[in-house]
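Working notes, structure below.
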Amino acid sequence: MSIRALIVDDSSVMRKIVERSLRQAGIDLSDVLQAGNGAEALSMLKDGAVDLILCDINMPVMDGIEFIKQLPSIENAKNVPVVMITTEGSEAHVVQALSCGARGYIRKPFTPEQVKEHVVPVLGGKV
Amino acid sequence: MTPSGHAAASADTHQNWIPLRETATREVFELMLSCQLTPDSVMDESGMNVTAMVGLGGQLCGVITVRCNNTAAVLMASKMLGLPVEKVGQDFSDAIGEVCNMVAGNFKNKIAGLSDGCMLSPPSVITGSDYSLHSLADSPGLQTRMLFENLPVIVTLQIHS
């Protein structure tokens, strides 16, 4: 089954790398949306649902933590799994992200195998 | 680039971070670019016209820079994106900024007890070589030179004690 993913990162290069890693990991993507910050991502989610969100933490306008805190207020985004992908590897950031609703946490740099390891479980039977 | 700063008594203390920074850099290139870096002993800095910088704040203050020439920066982007070099365009500056960001993050995560207390600035990228960098960092830069696909890459850590 193919999935629709939303990648949120202020670096366009990193968004492309994450998409490439998902494909290299064997995730079948029907569509990939890209947003440069949390606010842009929330706006996109109001217009359509996705199956998976991969999100950076440090971003301008709205960071990744604030973004996942606001996700439950978007009807299309309720229960959508969020996996953080960030250079912030501190225990405090991991705990904060997971307590706010993130389902996984990947530290940059990463390999497609690591992406698969964290993404496949949160997608349940969708892949 | 001309780094500006004062010699600091703590400089020796930071010398043992050089291997950590080297490992952090190697891991970024191996995992994200599928490339092995090799040692470079030549001290020629000519042509280093792309500089990425990430600031460190909190328990460890300073700046990490990654410098290389334009060819190396474009090749980094090409390998990160899986694109031919001729299709990279302006993405090279974003790519080297992300490389520097990951080197800085990976480095601080390797220092016990530092990860929670040190924050990173967003990366900045300068193209051109005729500039001086004035930072609050007061230690001499700890420099590591490596070869990426036979092209020199210099990673420097300057620390504000």
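Structure notes:
- Qualifying position, being more than 14 Å from the chain's Cα centre (by Cα) and closer than 27 Å to B:GLY97 by Cα, among A:PRO72, A:PRO112: A:PRO112
- Residue among B:GLY89, B:GLY82 that alone is more than 10 Å from chain A (Cβ to nearest Cβ) and either at pLDDT below 95 or buried (at least 24 other Cβ atoms within 10 Å of the Cβ) (or both): B:GLY89
- Just so you know, in region B:52-79 the residues that are within 11 Å of another protein chain (Cβ to nearest Cβ) and buried (at least 21 other Cβ atoms within 10 Å of the Cβ) include one that is nearest to B:MET102 (Cα to Cα), and it is B:VAL54.
- Test: residue in region B:152-161 that is under 16 Å from the mean Cα position of the chain (by Cα), outside any strand (DSSP E or B) and either closer than 23 Å to B:ASP40 by Cβ or more than 12 Å from every other protein chain (Cβ to nearest Cβ) (or both): no
- If you go through region A:78-93 and keep only what is within 14 Å of chain B (Cβ to nearest Cβ), without any contact (Cβ under 8 Å) to a residue 40 or more places away in the chain and surrounded by 17 or more Cβ atoms within 10 Å (Cβ to Cβ), you end up with A:MET84, A:THR86, A:THR87, A:GLU88, A:GLY89, A:SER90, A:HIS93.
- In region A:18-59, the qualifying residues are those that are of a type in the set (Val, Ile, Thr) and in a loop (DSSP other than H, G, I, E, B), and the one that is nearest to A:ILE7 (Cα to Cα) is A:VAL50.
- Every residue from region B:110-143 that is of a type in the set (Gly, Ala, Ser), within 14 Å of chain A (Cβ to nearest Cβ) and farther than 30 Å from B:GLN90 by Cβ: B:ALA112, B:GLY113, B:SER115, B:GLY117
The values are calculated or read from the model by the stated rules, or taken from the named source; none is laboratory data. Every value quoted in this text rests on a predicted model; they were computed, and no experiment measured them. Counting neighbours? That spans all protein chains shown, and the Cβs are built from the backbone with ideal geometry, glycine included.
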